[in-house]
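Visitor: Got a structure here, written out as structure tokens. Questions coming.
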Amino acid sequence: MLTSIHRMSQDPAFPSQVTAADLPRVLGASQATAIVVGTIIGSGIFLVPSEMMRDTGSSSLVYLAWIVGGLLSLFGAMAYAELGAMLPYAGGEYVYLRGAYGDTTAFLYMWTWFAVAKPASIAAVTSGLARTLGVFSAFHWLTAPVPGLPLLWSQVFAIGVTWFMTGLNYLGIKKAGDFQLVFTVLKGLLILIVAALCFASASGSWANFATGLPHATGGFGGFMLALIATLWAYDGWNDLTMVAGEVRHPERSLPVALIGGLLIVGALFMATNAAIQYILPAAQIAASERPAVTALSVVAGPGGAGFVAAAMALSIFVTLNGTVMSGARVPFAAARDRLFFRQFAHIHPRFQSPSTSLIVQGLLSTVLLLFLSQFQQHFELAVFAEWLFYMLTTTTVFFYRKRRPDMPRPYRVWGYPALPAVFVVCAAAVLVWSYAGNLKGSLIGTVLILLGLPVLWIVRRRYGASVPMEASHPAAQR
């Protein structure tokens, strides 16, 4: 049990019954890997190739964007593996940033995840699920407006799915982890079947990789916009660190799951994207709302299209579980450190889940789904907010190496300092092009982040000084 729990229990603002227990370590290495793989592989690989083709205009550049995005994400995962094994606590990046740069930076990260990044990711995933199900005639009603309301039925559907998955996680991370493991294996098999059907088809041609789209955005700017789309598709590799406090043997399980999981994802993404491009030329990919469905309809007719759409729906549903699971741990961790409202530190006495954090996260996602109906708006808003703190968090590797060389490091990032430095520089470039490609959304994200400052002032006035880092996280003790 963390020292911070005892300190909080002596503070009247944190009654003992609210924080009497820690979240249990019940996730094994296989479940941890499934969180990485299952959270990453969602709607992105199936839905964003059309946007990417319109940005780059070249099949080869789309494939290059997938490769660059995968390598960049791998470099980040390697850095996070060192941090996670060194500080295996709930909250992930929040913990690393607090230890390196103090309470204000950590709070703004928590606020960003709580108010922007996680709700936007959940909204994007559920919107992608509704978009995918639209291929079935039984779900054509999703595109219709709700009578008497300025909403589409797809928004209502996405809100319902959000609350279903929130409910599953409310029942405890063990149940959610088992769900993640079983269905991640299943969707991996389905993806391999889709790729195999494409490559075995006589309808494909390697010449499609040389095709282009004359009126695309093009140039370096277009490539960067496509890269941002791939980074959203790869998004989720960091989520495991947020539930690190519930992983058994984290010093071994976290690096294996982060790095191994991302390598598995990269292989599946390359296979899927190559399969789509083998069947479809650039113009067809750009014109298709669902490129993977279109490719399978060429290969196997309506039955093939239905198969891949069902696989996509399952994939998206599983990634939503990991996203909901991880996001609630960040405000929970901050509340335990007296850096957020104490209600968020509540652990359900029966289900051992951060119940308040889960419910409020669902409410914020619902707000976004009500006011942003476009799939692309959600993922661009999420990518900007997330990569800002991916960049800052990775710089903490340098801080801890220099200032805290005494801390135990079960895993050390390979290629230090070059690979973490490459990640930081590339993350900065992504932020610049994120602003250029979606200025309005990025400005909204910036304002939402800065709104955390008055909230921090309120929290400090209400609860006083935060729990010292050395008290709340024993591995950080000098």
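Visitor: List, in order, the whole-Hz ³J(HN,Hα) value for each residue of segment 333-338 obtained from phi through the Karplus relation with A = 6.51, B = -1.76, C = 1.60 and θ = phi - 60°; use x for Gly and Pro.
Guide: 5, 5, 5, 5, 8, 6
Visitor: Specify which residue in the list 313, 444, 45 is farthest towards the positive end of the charge dipole of segment 25-473, using unit charges on the beta carbon of Lys, Arg (+1) and Asp, Glu (-1), about the Cα centre.
Guide: 444
Visitor: What do you get for the angle between helix 355-371 and the principal long axis of the chain? Use alpha-carbon atoms, 0 to 90 degrees, nearest ten.
Guide: It works out to around 40 degrees.
Visitor: Another question about this same structure. What's the magnitude of the charge dipole for segment 78-223 around its Cα centre, counting Lys and Arg as +1 and Asp and Glu as -1 at the beta-carbon? Answer in Debye, nearest 20.
Guide: That gives a dipole near 260 debye.
Visitor: Taking amide H positions as placed in the peptide plane 1.01 Å from N, state which residues far from residue 152 in sequence (5 or more) or on other chains have amide H under 5 Å from it.
Guide: Placed amide hydrogens put 146 under 5 Å from residue 152.
Visitor: Right, something else. Quick one: which residues, 5+ away or cross-chain, put their amide H under 5 Å from the amide H of residue 340? H built at 1.01 Å from N.
Guide: Those qualifying (amide H under 5 Å, at least 5 residues apart or on another chain) are 335.
Visitor: Treat the count of other C-beta atoms within 10 Å as a stand-in for reagent exposure and order 121, 137 from fewest to most.
Guide: Lowest to highest Cβ neighbour count: 137, 121.
Visitor: Angle, helix 452-463 long axis vs. longest principal axis of the chain, Cα atoms, 0 to 90°, nearest 10?
Guide: It is inclined by approximately 30 degrees.
Visitor: Compute the angle between helix 418-437 and the longest alpha-carbon principal axis of the chain, please, reported from 0 to 90 degrees and rounded to the nearest 10.
Guide: So the inclination is approximately 70 degrees.
Visitor: Please give, to one decimal in nm, the separation of the simple spin-label points placed at residue 215 and residue 200, each 7 Å out from Cα toward the Cβ.
Guide: Each label point is offset 7 Å from its Cα along the Cβ direction, giving 3.9 nm.
Visitor: Starting with the fewest neighbours, write out 406, 55 ranked by other beta-carbon atoms found within 10 Å of each beta-carbon. Don't skip to the answer; put the middle values down first.
Guide: Details: 406 8, 55 28.
Lowest to highest Cβ neighbour count: 406, 55.
Visitor: Once amide H atoms are built 1.01 Å from N in the peptide plane, which residues 5 or more positions from residue 212, or in another chain, come under 5 Å H to H?
Guide: Under 5 Å from the amide H of residue 212 lie the amide H atoms of 282, each far enough along the sequence or on another chain.
Visitor: Assuming R0 = 45 Å, can you tell me the calculated FRET efficiency for the pair residue 359 and residue 68, based on Cβ-Cβ distance, to the nearest 0.05?
Guide: 0.70
Visitor: Where the only charges are on Cβ atoms (+1 Lys, Arg; -1 Asp, Glu), what is the dipole of segment 180-306 about its Cα centre, to the nearest 20 debye?
Guide: 200
Visitor: Nearest 500 deg cm²/dmol is fine: what mean residue ellipticity at 222 nm does the chain get from its DSSP H runs of n ≥ 4 alone, each adding -39,500 (n - 2.57), divided by its residue count?
Guide: -22500 deg cm²/dmol
Visitor: Lys/Arg Cβ at +1, Asp/Glu Cβ at -1, dipole of the chain taken about the Cα centre: which of 85, 426, 72 is farthest positive-ward?
Guide: Looking along the dipole axis, the top candidate is 85.
Visitor: Along segment 273-288, what does the Karplus equation 6.51 cos²θ - 1.76 cosθ + 1.60 (θ = phi - 60°) give for ³J(HN,Hα), rounded to whole Hz, x for Gly and Pro?
Guide: For segment 273-288, the Karplus-derived couplings read 5, 5, 5, 4, 6, 5, 8, 10, x, 4, 4, 5, 5, 5, 7, 8 Hz, x marking Gly and Pro.
Visitor: As a footprinting exposure proxy, order 389, 199, 157 by other Cβ within 10 Å, with the fewest listed first.
Guide: 199, 157, 389
Visitor: I need the Debye-formula profile for the chain: one equal scatterer per C-alpha, no solvent, reported as log10 I(q)/I(0) at q = 0.07 1/Å, two decimals.
Guide: -0.34
Visitor: Between residue 248 and residue 446, 0.36 nm times their residue separation minus their Cα-Cα distance comes to what?
Guide: 67.6 nm
The numbers here are math on the coordinates, done by the rules we state, and not lab data. Given the structure is predicted, the values throughout are model-derived calculations rather than measurements. Neighbour counts are summed over all protein chains in view; Cβ atoms, including those assigned to glycine, are modelled from backbone coordinates with ideal geometry.
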